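Take a look at the structure set out below.
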Amino acid sequence: MQTHHQLDPLRRAVDALKQDGPLALVPTMGALHEGHLTLVREARKRAAHVAVSIFVNPRQFGPNEDLAKYPRQLERDSELLAAEGVSLLWAPDAEAMYPDGYATTINVGEVSEGLCGAARPGHFDGVATVVCKLFNQVRPDLAVFGEKDWQQLAVIRRMARDLDLLLPTAEAIHGVPTVREADGLAMSSRNAYLSADERVQAAALPRAMQAAIAAMRGGVPVESALEALRASLLEGGFASVDYAEVRHAESLVPLVALSDAPARLLVAARIGPARLIDNMAV
Ligand code: PAF
């Protein structure tokens, strides 16, 4: 596996790899876990070569968020990726990504609003901007993202569509279902912030979501099911619930009742030092 930190050698490496066939990109911020490796395996099925980027993007963290303490473990990540048959690791220096005088931000309307967009102002501008840059740097034929960040995936697809991106096109942006621990908790690099007790309590999140979905499917009105979900998280040890909403799965328009439209339950809640997000089909 080749590793590059600067743009010129990266571009030469990409040109060479593309001689063999399609190139897939898996963008990450590192601190890799089984969820990321599942994305890599999916990418390997779809392309001749896989590139993975690791960049802890300062522009998607708010001033009081966890940028400084976000786990960084490039050497270990690099070993994991090499063992998965990844061809190229793109780990740009902050200066290679945002050189002095950098001034451009991408704002994707509508799908960025509400949910994590409301709780984390500017977050999706930072995500859209860095992902657009990663796409232009690596020029992948396809890209693979986790469905755990459902709103992020919607934002990136909308950006690719709206900006007529070609490498990759919006259609070549693939979502992979969330990988879960044995007790149902969605895998996340931020689970590492939890104490042993908080980690046990955190499994209340997927349990409460499944209960709310079963209630809604059984005819309980959406708002009553969401109220019960919020109450059970607070009883189960969560400190607060940022949001618990049912939205149209693609447009992310809020839904107050179930219909034939594909619906998604999305939740963000805080426990100990961590803010956990999850989503499930309703
Ligand atoms: O999901 C992530 O890890 C990040 O938001 C991404 C897509 C790599 C952009 O920094």
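On a straight-distance basis, which aspartates and glutamates could pair with residue 18 in a cross-link, Cα separation under 18 angstrom, same-chain partners fewer than 8 positions away excluded? The reachable aspartates and glutamates, counting only those whose Cα sits under 18 Å from residue 18, are 8, 141. Annotation: the residues 12, 46, sorted from fewest to most other C-beta atoms within 10 Å of their own C-beta, follow the order 12, 46. The shape of the chain comes out prolate: with a ≥ b ≥ c from the C-alpha gyration tensor, a/c is at least 1.5 and a/b beats b/c.
Relative to the longest principal axis of the Cα atoms of the chain, the long axis of helix 74-83 lies at roughly 80 degrees. The C-alpha atoms of the chain define a longest principal axis, and helix 34-46 lies at about 60 degrees to it. Indicate the gyration tensor shape class of the range 211-282 (rounded, prolate or oblate), computed on the Cα atoms with a ≥ b ≥ c the square roots of the eigenvalues: a/c under 1.5 is rounded; otherwise a/b larger than b/c is prolate and the rest oblate. Oblate shape, in that a/c is at least 1.5 and b/c is the bigger or equal ratio.
Among DSSP beta bridges lying fully in the chain, give the percent that are antiparallel, nearest 5. For the chain, the DSSP antiparallel bridge percentage is about 50.
Can you give the extra length, in nm with one decimal, that the chain gains between residue 190 and residue 256 once fully stretched, where that is 0.36 nm per residue apart less the Cα-Cα distance?
On the way: separation 66, 0.36 × 66 = 23.76 nm, distance 3.07 nm.
Length difference between fully extended and current span is 20.7 nm.
Which whole-angstrom value gives the distance between the alpha carbon centres of the range 41-77 and the range 180-201? That distance is 19 Å. Each of 259, 112 was scored by other Cβ atoms within 10 Å of its Cβ. Arranged with the fewest first, they read 259, 112.
Can you give the net charge of the other residues whose Cβ lies under 15 Å from the Cβ of residue 183, counting K and R as +1 and D and E as -1?
Working: positive: 180, 199, 207; negative: 34, 181, 197, 198, 278.
Taking every Cβ under 15 Å from that of residue 183, the sum is -2.
With the cut-off at 1.5 for a/c, could you classify the range 28-187 from its C-alpha gyration tensor as rounded, prolate or oblate? In terms of gyration-tensor shape, rounded.
Placing a label point 7 Å from the Cα of residue 107 along the Cα-to-Cβ direction, the residues of the range 40-75 with a backbone N closer than 19 Å are 59-63. Note on 53, 189: ascending count of other Cβ atoms within 10 Å places them as 189, 53, the fewest first.
Values quoted throughout were computed directly from the atomic coordinates according to the rules given, and no laboratory measurement underlies them. These figures come from a predicted structure and were not determined experimentally. Counting neighbours? That spans all protein chains shown, and the Cβs are built from the backbone with ideal geometry, glycine included.
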